[in-house]
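Here's the structure, in structure tokens; my notes come after.
The values are calculated or read from the model by the stated rules, or taken from the named source; none is laboratory data. In this text the structure is predicted, and so the values were computed from the model without any measurement. Cβ placement follows ideal geometry from the backbone for every residue including glycine, while neighbour counts extend to all protein chains displayed. These area figures cover heavy atoms from the full protein model, side chains too; ligands, DNA and RNA do not enter into them. Shrake-Rupley method; radii C 1.70, N 1.55, O 1.52, S 1.80 Å.
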Amino acid sequence: MRILLEKLIVNYPYFFAVILFVIGVLTVLTRSNLFKKLLGINIMESAVFILFIAAGNIRGGTDPILDTSKPEAVYINPLPSALMLTGIVVSVSVTAFALSLIIRLYREYGTADARQIAQMRNSALKAADQAGRDNYRHPDRSNGKRGDKNDRSNQI
Amino acid sequence: MGNGVTKMTEAIKFNLPVFVVIAPLFIAIVLPVFARRIRLAEGMVIFVGVLGLAGALFLAHIVLDRNSGTWIYQMGGWPAPWGIELTVGNLAASFLLVVMGVSLPVSLFAVGNLTHEVGGKQRTARFYTLFLLLVGALAGMALTNDIFNTYVLVEVATLSCCGLVSSRRHPRAAEAAFTYLMLATLGSALVLCGIGFIYTITGHLNMGFASQALNEIWQTKRHVVWMAMSLVFVGFAVKSALFPLHVWLPDAHSSAPSPASAILSGLAIKGYMICLLKFFYSVFGPGLIKEFAMDRLLVLAGMIAIIAGSVMAIPQDDLKRRLAFSTVGQAGYIFLGFGLMNKDGLAGALFYLASHAVIKSTLFLSAGAMISATKKRKISELAGVGRRMPVTMAAFTAASLGLIGIPLFSGFIGKWYLITGSIEAGSFLPTVVIIAGSVLCATYLFPVIRVAWFESAPKEPQKAAAQETGDAAVQRETAEVQEGPVQHGQLKDPGILQKLALVLLTVAIIVLGTVPGPLLELAKRAAAELLVLR
């Protein structure tokens, strides 16, 4: 038990990365607000970045720039940081794309809540079933609540 | 002059593995420039498809010819621990052939047929950009031998998949794309964590070196290896829709435009499966899979997926949704084969992967043709379509027979090898499940065939329905349908290119089922290669 605790204290960045990761996953899976889901994704990915960068760090190491005056210097491993640059780029593009989808959904439904959107869609599907067809645009668009904005949805 | 040409062909031949990946990606980036000249853009897409298929055939020929050993291509000439390697082995060549062989007919089908589903020339050009990005990423997944490179290609594929889903002008599509994006990003974060653990304990990103190091040190780092394996497994299982993690798939695949559904169901999830296979067999190795009981987990998950996916497909009345649930079930066969850990099972899984890619794209494309002609998505409303659209429905029927596993169609050979593999593994439950899956598959596909061929078409059902309900929205919708270009009375097969695409895919199903020769040979050799204990 003591050894385990010692290991945990020595490797504290990994511990925090795991906690952050779990927070992120829980946010994505349990929150119905689309923005919160997106924040969860970002927290989760940051956790993975921390994990990688902590793995590349060496205590007492210096920047990985060759210094001939100090031959005994220990350099940190730059590769994980370089990899995480790629990871950050991916994360940014995911965020941008998700935001554009949220805008489109908000213009269409007038809300950014996954549960409400699902409700509206289901009631629309029911109405469609009664009419004998379901391949059609959402009836919420004609109920006037956000009708002025909804008509622009085709141009997104 | 002649000397120069030979030098050039030599250079192209030498760099072919890179060209196969780079060409679609490059054209994808150039394509938006030609958005206003959509015919030119479409021509370029098909040109790249033909080039890619030629390249894949050539690489497969080289691999088959070489008999043993893989062609390792070093990016930029850097040797292995520093540079990124592409390997052209049996596995890569067979999957590359599947990717190129399916994406060409799909792009042929998309040409000229897409504008009404996507809306506008600009959006059509963007669709092709995403399509080519996906094809390039899948080709890269087949070839790469570097685990971080795999992650990057997986992300490229994920983003373009989500883009393809959301390219349809329908709120449903945006919603499905958002769910897909969230879960797929969750999956890739898990995979990235797994990669991080592998790199932390081995210090290598190259699959060969990482595998060597893992097999030397795994006893001392047992928990880390176990953790990395589980993370990679769950991550790729989310992305390739293994049963309990499939929740995003039915919405995403059924609300995408039809060519996109075809390539998403046919190829995209297969790409992630190939990545999982590479991680499990080329990085961890068969010894570690057995040690951590991952083989039994794969077989169990596969069996559950076959039954659950097929059962869920039966009550669906929406044609594309039924096909999407069927994909969940069929993915189970491939996972089951991955877990059997013997030559026949693995070869069967690889062949089944190829056969399902061809069959499911045919099904989605013919379903798309029917839906865009009739403007109806429900199976019960497709009565009498078969007689009006014989080519489309014939392709659908052939593909259904292939999916069920009737002899002479490609699904049969894959299932045959899976069954012999599971008997060899000594467990009879998978055999029973494979056969039960075929029966369930017939249960959900034969009604479509029966309704479309043997029931007579109803007479003007929509007008009456709209008049009964006073709902304004519905009336407007019905009006839109009646204004549409195709009336029910003028139902006919789609254009010549679409017919060509369907015929090509149907021929591929029958050819794979009667003379599986080269592809099966590649799959068998790949299986033997992957199972070598290190």
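Output the number of the condition that B:Met182 fails; it satisfies all remaining conditions of (1) more than 8 Å from every other protein chain (Cβ to nearest Cβ); (2) touching a Phe, Trp or Tyr at 6+ places or on another chain (Cβ under 9 Å); (3) within 20 Å of A:Phe97 (Cα to Cα).
Failed condition: (1).
Given B:Tyr272, B:Tyr281, which one is aromatic (Phe, Trp, Tyr) and closer than 23 Å to B:Cys161 by Cβ?
Exactly one residue qualifies, and that residue is B:Tyr272.
Given the criteria open to solvent by less than 40 Å² (accessible area, probe 1.4 Å) and either away from every other protein chain (no Cβ under 14 Å) or at pLDDT 90 or above (or both), does B:Ala436 qualify?
yes
Is it true that B:Val152 is free of Cβ contacts under 8 Å to residues at least 12 places away in the same chain and within 11 Å of chain A (Cβ to nearest Cβ)?
yes
Going by what's in this entry, would B:Leu288 be described as part of a helix (DSSP H, G or I) and touching a Cys at 6+ places or on another chain (Cβ under 9 Å)? Steps first, answer last, please.
Details: part of a helix (DSSP H, G or I): yes; touching a Cys at 6+ places or on another chain (Cβ under 9 Å): no.
Judged against the criteria, B:Leu288 is not a match.
Residues to consider are A:Ser69, A:Ser46; find the one that is more than 30 Å from A:Ala114 (Cβ to Cβ) and small (Gly, Ala, Ser).
On the way: A:Ser46 fails: more than 30 Å from A:Ala114 (Cβ to Cβ).
Unique residue meeting the criteria: A:Ser69.
Across region A:96-121, which residue is nearest to B:Ala177 (Cα to Cα) among those that are open to solvent by 30 Å² or more (accessible area, probe 1.4 Å) and of a type in the set (S, T, N, Q)?
The selected residue is A:Ser100.
Among A:Ile19, A:Ile50, which is of a type outside the set (D, E, K, R), exposed (fewer than 13 other Cβ atoms within 10 Å of the Cβ) and either under 27 Å from the mean Cα position of the chain (by Cα) or at pLDDT 95 or above (or both)?
A:Ile19
Only one residue in B:Leu143, B:Leu159 is closer than 19 Å to B:Ser240 by Cα, open to solvent by 10 Å² or more (accessible area, probe 1.4 Å) and either facing another protein chain (nearest Cβ under 7 Å) or of a type outside the set (Ser, Thr, Tyr) (or both). Which one?
B:Leu159
Pairs under 7 Å by beta carbon, first residue at the interface with chain A (Cβ under 9 Å from one of its Cβ atoms) in region B:189-218, partner not in a helix (DSSP H, G or I), six or more apart or different chains?
B:Tyr199/B:Leu205; B:Leu205/B:Asp146
So, B:Ile22, is that one open to solvent by 40 Å² or more (accessible area, probe 1.4 Å) and among the β-branched types (Val, Ile, Thr) or not?
yes
Looking for something over 17 Å from B:Ala527 (Cβ atoms), assigned to a loop (DSSP other than H, G, I, E, B) and in contact with a Phe, Trp or Tyr (Cβ under 8 Å, 6 or more places away or on another chain) - is there at least one such residue anywhere in region B:251-260?
Checked against the condition, which is being over 17 Å from B:Ala527 (Cβ atoms), assigned to a loop (DSSP other than H, G, I, E, B) and in contact with a Phe, Trp or Tyr (Cβ under 8 Å, 6 or more places away or on another chain), region B:251-260 yields at least one hit.
Could you please let me know if B:Gly402 is in contact (Cβ under 8 Å) with a residue 24 or more places away in the chain and either open to solvent by 10 Å² or more (accessible area, probe 1.4 Å) or assigned to a helix (DSSP H, G or I) (or both)?
Judged against the criteria, B:Gly402 is a match.
B:Ser211 versus (1) open to solvent by 10 Å² or more (accessible area, probe 1.4 Å); (2) of a type in the set (S, T, N, Q); (3) touching a Gly at 6+ places or on another chain (Cβ under 8 Å): which is the lone unmet condition?
Going through the list (1) open to solvent by 10 Å² or more (accessible area, probe 1.4 Å); (2) of a type in the set (S, T, N, Q); (3) touching a Gly at 6+ places or on another chain (Cβ under 8 Å), B:Ser211 breaks only (1).
Is it the case, given these coordinates, that B:Leu31 is closer than 18 Å to B:Gly136 by Cα, surrounded by 13 or more Cβ atoms within 10 Å (Cβ to Cβ) and either in contact with a strand residue (DSSP E or B) (Cβ under 6 Å, 6 or more places away or on another chain) or of a type in the set (S, T, N, Q) (or both)?
No, not satisfied.
Filter region A:12-52 for residues that are outside any helix (DSSP H, G or I) and of a type in the set (D, E, K, R) and give the result.
Result: A:Arg31, single match.
Yes or no, residue by residue, for (1) surrounded by 20 or more Cβ atoms within 10 Å (Cβ to Cβ); (2) of a type in the set (Gly, Ala, Ser); (3) not in a helix (DSSP H, G or I):
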site: B:Ala60; (1), (2), (3): yes, yes, no
site: B:Asp65; (1), (2), (3): no, no, no
site: B:Leu86; (1), (2), (3): yes, no, yes
site: B:Ser94; (1), (2), (3): yes, yes, no
site: B:Leu97; (1), (2), (3): yes, no, no
site: B:Ser103; (1), (2), (3): yes, yes, no
site: B:Leu108; (1), (2), (3): yes, no, no
site: B:Asn113; (1), (2), (3): yes, no, yes
site: B:Thr124; (1), (2), (3): yes, no, no
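Kindly indicate whether any position in region B:270-286 is open to solvent by 10 Å² or more (accessible area, probe 1.4 Å) and among the β-branched types (Val, Ile, Thr).
Within region B:270-286, none of the residues are open to solvent by 10 Å² or more (accessible area, probe 1.4 Å) and among the β-branched types (Val, Ile, Thr).
So how many residues does region A:64-95 have that are more than 10 Å from chain B (Cβ to nearest Cβ), of a type in the set (Gly, Ala, Ser) and under 12 Å from the mean Cα position of the chain (by Cα)?
The qualifying residues number 0.
Search region A:60-82 for residues being within 25 Å of A:Ser46 (Cβ to Cβ) and part of a loop (DSSP other than H, G, I, E, B), and hand back the single one that is most open to solvent (accessible area, probe 1.4 Å).
Restricting to residues being within 25 Å of A:Ser46 (Cβ to Cβ) and part of a loop (DSSP other than H, G, I, E, B), the top hit is A:Asp63.
B:Leu51 passes all but one of (1) out of contact with any helix residue (DSSP H, G or I) (no Cβ under 7 Å at 6 or more places or on another chain); (2) in a helix (DSSP H, G or I); (3) among the aliphatic types (A, V, I, L, M); which number fails?
Failing condition for B:Leu51: (1).
Among the residues of region B:321-349, which ones are open to solvent by 10 Å² or more (accessible area, probe 1.4 Å) and assigned to a helix (DSSP H, G or I)?
B:Arg321, B:Arg322, B:Phe325, B:Lys343, B:Asp344
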